[in-house]
Amino acid sequence: AQSVTQLDSQVPVFEEAPVELRCNYSSSVSVYLFWYVQYPNQGLQLLLKYLSGSTLVKGINGFEAEFNKSQTSFHLRKPSVHISDTAEYFCAVSDQPGNTPLVFGKGTRLSVIA
Amino acid sequence: DAGVIQSPRHEVTEMGQEVTLRCKPISGHDYLFWYRQTMMRGLELLIYFNNNVPIDDSGMPEDRFSAKMPNASFSTLKIQPSEPRDSAVYFCASSRYPGTGDYEQYFGPGTRLTVT
């Protein structure tokens with residue numbers, strides 16, 4: 001069975017500072033990894049995904065993530081955050097991208113402080 | 001495209017009442033997923049369909065929950081009778097066959113259900 005652990009439930013960070021949101025996964029098969037963002041009272045929006053190839057994945061809004069198979073991690077990073085990045089971030093795993101359900105972590109609430 | 005459409009956006013009902021949540025997937029998508037989001041359990045899958053056929057309903061909490069997809073453009077999630085512990089945000093998502101090169105699940109805005 002697959003599972004995702006997001007180690008931090010809340011991350012406060014000052015505006016223009018860098019941020020890393022941590023994600024570890026467990027899977028016995030090939031993994032496909034995703035980061036979604038949820039703004040208040042909205043649905044989930046895909047930030048980026050890792051399917052294969054380069055382990056460094058770039059997404060929207062200046063975010064990037066690195067797939068590390070040996071550490072079973074897929075941490076999300078941004079070099080300089082903005083107030084508008086305040087949201088809930090979810091890491092998810094799937095064994096077949098697109099046509100099987102996503103297994104989500106509990107989420108990390110990023111609060112950017114002015 | 002308008003994206004995944006869910007209705008209603010908010011629903012407040014009394015315990016014991018029937019609740020029906022609706023979802024219109026993106027046109028041309030082959031898969032439809034229902035997820036539930038709660039503070040305690042996070043985001044979890046309830047059921048998903050492929051070409052209108054239920055594939056996995058193991059996440060449906062109990063017999064009070066039922067879901068249908070009568071055609072490619074409409075799905076419902078029904079709770080009868082509703083209980084306060086059903087209070088949550090219910091998301092619908094849709095996706096295409098991976099062979100199209102599109103691996104994303106597209107989420108609707110969700111329905112916030114409150115059962116008093």
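The values are calculated or read from the model by the stated rules, or taken from the named source; none is laboratory data. Quick caveat, the model's predicted, so the values are computed rather than measured. Cβ: placed from backbone, ideal geometry, glycine included. Neighbour counts: every protein chain shown.
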Report task. Determine whether the stretch A:31-48 contains at least one residue that is more than 14 Å from chain B (Cβ to nearest Cβ) and either touching a strand residue (DSSP E or B) at 6+ places or on another chain (Cβ under 7 Å) or not hydroxyl-bearing (Ser, Thr, Tyr) (or both). Result -> no
Requested in this report: Scan (1) at pLDDT 95 or above; (2) surrounded by 19 or more Cβ atoms within 10 Å (Cβ to Cβ) for the single condition B:GLU14 breaks and write down its number.
Outcome: (2)
Query raised in the report: Where in the stretch B:62-116 are there strands (runs of 3 or more DSSP E), lying wholly inside it, with at least 3 residues that are away from chain A (no Cβ under 14 Å), free of Cβ contacts under 8 Å to residues at least 24 places away in the same chain and surrounded by fewer than 21 Cβ atoms within 10 Å (Cβ to Cβ)?
Result: B:65-71
Query - A:ARG109 within 13 Å of another protein chain (Cβ to nearest Cβ), over 26 Å from B:ILE47 (Cα atoms) and modelled with pLDDT of 95 or more - result: yes
Query - Tally of residues being part of a loop (DSSP other than H, G, I, E, B), closer than 15 Å to A:HIS75 by Cβ and touching a strand residue (DSSP E or B) at 6+ places or on another chain (Cβ under 6 Å) across the stretch A:1-30 - result: 4
Query - Filter result for A:CYS91 (within 14 Å of chain B (Cβ to nearest Cβ), hydrophobic (A, V, I, L, M, F, W, C) and in contact with a His (Cβ under 8 Å, 6 or more places away or on another chain)) - result: no
Query raised in the report: Any idea how many residues of the stretch B:44-79 are among the aliphatic types (A, V, I, L, M) and within 18 Å of B:PHE107 (Cα to Cα)?
Result: 7
